[in-house]
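Here is the structure we will look at.
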Amino acid sequence: MKICVTASSEGLNAPVDSRFGRAPFMVFIDSETGEAESRPNLAATAGHGAGTQAAQAVSRGGAEVLLTANCGPKAFELLRAAEVEVFSIVGGTVSEAYEAWKNDSLTRLENANAASGWSG
Amino acid sequence: MKTVVVISGKGGTGKTTVVASLAKITHQMDQRVVLADADVDASNLSLLLHPKAAPAIPFIGGEMVEVDPEACNGCGLCIEHCRFDALQMIETDDGSCVQVKEMSCEGCAVCTIVCPEKALSMHDDVTGEWTLTTADTGPLVFAHLGVSGENSGRLVTHVRSVAAAKAEEIGADILLIDGPPGTGCPVISAVTGVDLVLLVTEPTPPGISDLNRVLALARHFGIQAAVVINKADLNPSLVRELRADLVGQDVEVLGEIPYDEAVPRAQRLGVLPIDAENVVGQALRHIQNRLMVTLDGQPESQRQKTSSDLQQEARQ
Amino acid sequence: MKIAVASGKGGTGKTIIATSLALVWENPTFLDCDVEGPNAHLLLHPTIEESRPVTVTVPRVNEIDCNLCGECADFCRSNALAVLPRKWMVFEQLCHSCGGCRLVCPTGAIYEENRRIGEVRFGRRDHIPFVQGELDEGEAHPIPIIEEVLRHSGDQGDVILDSPPGTSCSMIEVAEAADVVLLVTEPTPFGLHDLNLAVRALKEIRRPAAILVNRADWGADEVRDFARSEDIPILLEIPHILKVAEGYARSRPLVESAPEFRSAFALLKSQLRSLTRETAA
């Protein structure tokens with residue numbers, strides 16, 4: 001199973017980035033092997049709709065779990081539809097967040113907790 | 001940090017004066033405040049707070065179509081497909097050519113894919129500008145949308161994200177947003193994801209009709225709402241009815257502000273009516289206090305609300 | 001002729017003025033275009049005879065034909081579509097109904113359906129036909145409702161349009177439909193600031209403007225200077241009258257709370273008429 005963590009740079013020791021859509025990197029960790037693959041978040045510099053684009057990238061990347069801090073309502077709805085579970089993290093590194101998830105000490109997000117990038 | 005948006009549906013209820021006064025009172029109590037003016041059509045907060053001059057930064061709010069007159073063969077296929085009536089045929093010396101009506105163009109790009117000559121292309125559209133500055137209450141972000149600028153919601157979202165970043169940077173206690181009128185796209189952008197929607201109303205039938213619309217909006221997005229009744233002595237019986245109705249809806253009334261000539265007088269002088277000697281100032285101080293109590297009573301954040309909800313479920 | 005009653009700033013008395021103007025006019029049609037907060041009915045008390053939903057189109061997908069290629073989501077400038085490995089999704093409130101997704105779909109899997117965003121109501125106050133639009137709460141796009149209201153201007157006769165406040169696309173939509181725009185302002189820093197924005201907007205779309213100063217006894221000198229420098233006529237100044245404010249709080253229009261202003265409104269009417277004729281000439 002794959003776990004995706006939003007991060008400020010590449011690798012397991014990268015600091016977690018609290019922003020979901022705008023985090024520069026997504027680190028995908030394979031829970032079977034413990035191997036990490038860092039991918040640049042192409043949505044980070046998107047003019048608009050970064051959250052929903054990033055959510056699609058998480059899902060297309062095959063992750064079933066997302067560890068991030070803030071997630072807007074549309075991205076959350078998408079992740080729910082894609083059957084990606086979202087857990088809330090605050091600070092620390094990617095590997096610390098991953099360990100916390102393995103130890104079952106993270107809270108699952110039941111609702112969006114950030115402002116929407118709504119554009120009428 | 002808590003985020004509070006102040007809206008009213010109807011204009012002229014005193015929303016901006018309430019926002020600026022609450023910010024000032026909170027600042028005087030040594031709390032850190034960041035202000036965001038999300039009324040990007042008619043940004044007025046800076047008229048009350050006199051912030052330092054700061055540069056306006058252009059905002060790219062979307063895309064606009066551009067025609068290459070050389071390539072256009074005048075077939076009119078784009079006009080047929082445009083659902084916003086944003087293209088028209090004009091006659092030039094070289095024959096017919098399509099022209100964009102910029103006021104109507106929504107930047108959807110449909111014309112660019114139907115054009116057989118690839119004569120239409122999209123380019124970034126500057127729809128407004130925004131400014132980050134400092135007032136004597138602390139950081140202030142405001143913006144101005146150009147005439148008929150598309151996607152006002154995007155500019156509101158941007159103002160909010162600049163303000164939120166600033167609030168995080170200075171470790172603010174509260175982010176106060178002055179919201180736009182109405183219930184449409186900029187309002188939705190201003191209210192989503194906040195901790196509390198503070199509704200400023202007045203006891204007139206239009207005031208209450210619009211209050212009910214914004215209350216429905218807050219409910220639609222599942223956000224806690226609280227009410228301030230301004231000019232409360234204008235119609236005391238309507239205030240009683242309104243209060244009873246709000247109790248039934250489980251919406252807290254933070255306080256009432258009487259109608260007092262001190263308010264327009266202060267506005268004309270460009271100052272805030274928060275003088276503790278005055279009835280309006282006293283009412284605003286009381287409301288600020290109740291607001292802080294209400295926010296303190298909320299769970300720290302949505303995340304912890306979820307965890308406490310889960311714990312409660314587990315106990316049951 | 002069509003007169004839009006607008007204001008840069010909300011709460012300056014736009015609806016009070018629009019309804020009073022309607023009550024002194026002979027055979028007008030009244031259109032409440034302030035669809036995010038329609039209030040004119042609270043002062044005019046029309047009998048509503050009919051209401052019709054206003055709909056916009058939104059895309060739907062035929063799942064058998066959709067190969068989840070994602071071209072529609074890539075094309076959509078409103079970010080209203082998302083394509084997941086096993087699912088196609090639409091965020092209806094974000095959709096601008098441009099139809100582009102259907103055009104780019106390589107398998108023809110996308111079709112469109114109507115979705116309600118609000119309604120238009122039709123009624124009458126005595127001899128005055130009354131039309132009102134209202135955007136449903138939670139909906140983002142008011143323009144389709146305003147367009148629907150404006151479609152009922154009638155072929156002849158005069159029309160009074162109660163405009164949305166501000167200088168947003170909604171206000172521009174209504175101003176563009178009008179022959180002249182009456183801007184209601186008040187002599188406060190907010191009022192003057194927002195009046196200036198409204199005047200700039202009307203110049204850009206080349207619509208003739210006139211000004212009405214409400215609560216003029218608060219000191220209208222700056223508004224007068226501004227109007228002179230912009231070469232826009234001030235057609236009427238009304239002082240702050242307590243019985244008008246109290247009447248408003250009890251659903252009474254200005255010319256009913258203060259009948260002595262009927263003649264001033266009749267004069268306003270003829271000034272608006274001649275202003276329209278001048279600009280047409």
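Summary of values
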quantity: Three-way shape call for the protein assembly as shown based on the alpha-carbon gyration tensor, with the a/c threshold at 1.5; calculated: oblate
quantity: Separation between Cα centres of the stretch A:84-104 and the stretch B:118-184, rounded to whole Å; calculated: 32 Å
quantity: Gaussian network model of chain B, springs between alpha carbon atoms under 10 Å - residue of B:Leu284, B:Leu22, B:Leu217 with greatest fluctuation; calculated: B:Leu217
quantity: Choice from A:Asn70, A:Asn103, A:Asn13 with maximal GNM fluctuation in chain A (Cα, 10 Å cutoff); calculated: A:Asn103
quantity: Given A:Lys2/B:Lys2; B:Lys166/B:Lys231; B:Lys2/C:Lys9; A:Lys74/C:Lys14; B:Lys10/B:Lys52; C:Lys9/C:Lys243, the pairs whose alpha carbons are separated by over 26 Å; calculated: A:Lys2/B:Lys2; B:Lys166/B:Lys231; B:Lys2/C:Lys9; A:Lys74/C:Lys14; B:Lys10/B:Lys52
quantity: Antiparallel bridges, percent of DSSP beta bridges restricted to the protein assembly as shown (to nearest 5); calculated: 50 percent
quantity: Angle in degrees between helix B:236-248 and the longest Cα principal axis of chain B, rounded to the nearest 10; calculated: 80 degrees
quantity: C:Cys69 paired with B:Ser121, simple spin-label distance in nm, labels 7 Å along Cα-to-beta-carbon; calculated: 2.4 nm
quantity: Distance from the stretch B:92-109 to the stretch B:5-54 (C-alpha centre basis), Å; calculated: 40 Å
quantity: DSSP-defined beta bridges in chain C - what % are antiparallel, rounded to 5; calculated: 50 percent
quantity: Chain C: DSSP helices with Cα axial extent of at least 18 Å and average Kyte-Doolittle hydropathy no lower than -0.5; calculated: C:189-204, C:262-280
quantity: Quotient of Cα Rg and 2.2 N^0.38 Å for the stretch C:56-116, N being how many residues it contains; calculated: 0.98
quantity: Which of B:Phe142, C:Phe190 has the fewest Cβ neighbours within 10 Å, and the rest in rising order; calculated: C:Phe190, B:Phe142
quantity: FRET efficiency for C:Arg151 and A:Asp104, using Cβ-Cβ distance with R0 set to 60 Å, rounded to 0.05; calculated: 0.50
quantity: Reachable lysines from B:Lys101, criterion Cα separation under 24 angstrom, eight or more residues apart if same chain; calculated: B:Lys118, C:Lys2, C:Lys203
quantity: Chain lengthening between B:Ala71 and B:Thr92 when straightened (0.36 nm per residue, less Cα-Cα); calculated: 6.2 nm
quantity: Sum of -39500 (n - 2.57) over DSSP H runs of 4+, divided by residues of chain C (222 nm, nearest 500); calculated: -10000 deg cm²/dmol
quantity: Computed helical MRE - 222 nm, chain B, DSSP H runs ≥ 4 contributing -39500 (n - 2.57), nearest 500; calculated: -12000 deg cm²/dmol
quantity: C-alpha center-to-center spacing [the stretch C:190-257, the stretch C:166-181] in angstrom; calculated: 16 Å
quantity: Max mean-square fluctuation residue, GNM over chain B, Cα-Cα springs under 10 Å, options B:Val18, B:Val200, B:Val247; calculated: B:Val247
quantity: Ascending count of other beta-carbon atoms within 10 Å, so fewest first, for B:Lys118, C:Lys14, B:Lys2, B:Lys231; calculated: B:Lys118, B:Lys2, B:Lys231, C:Lys14
quantity: Dimensions (Å) - chain A, Cα atoms, principal axes, largest first; calculated: 43, 26, 24
quantity: Cβ-based exposure ranking for B:Asp195, B:Asp30, B:Asp260, in which fewest neighbours within 10 Å come first; calculated: B:Asp30, B:Asp260, B:Asp195
quantity: Disulfide-incompatible cysteines by the Cβ rule (no partner under 4.7 Å) in chain C; calculated: C:Cys33, C:Cys66, C:Cys69, C:Cys76, C:Cys95, C:Cys105, C:Cys169
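Here, each number is a calculation from the coordinates, and none is a lab measurement. All figures in this text were calculated on a predicted structure; none of them were measured in a lab. Note that we place each Cβ from the backbone using ideal geometry, even for glycine, and neighbour counts take in every protein chain shown.
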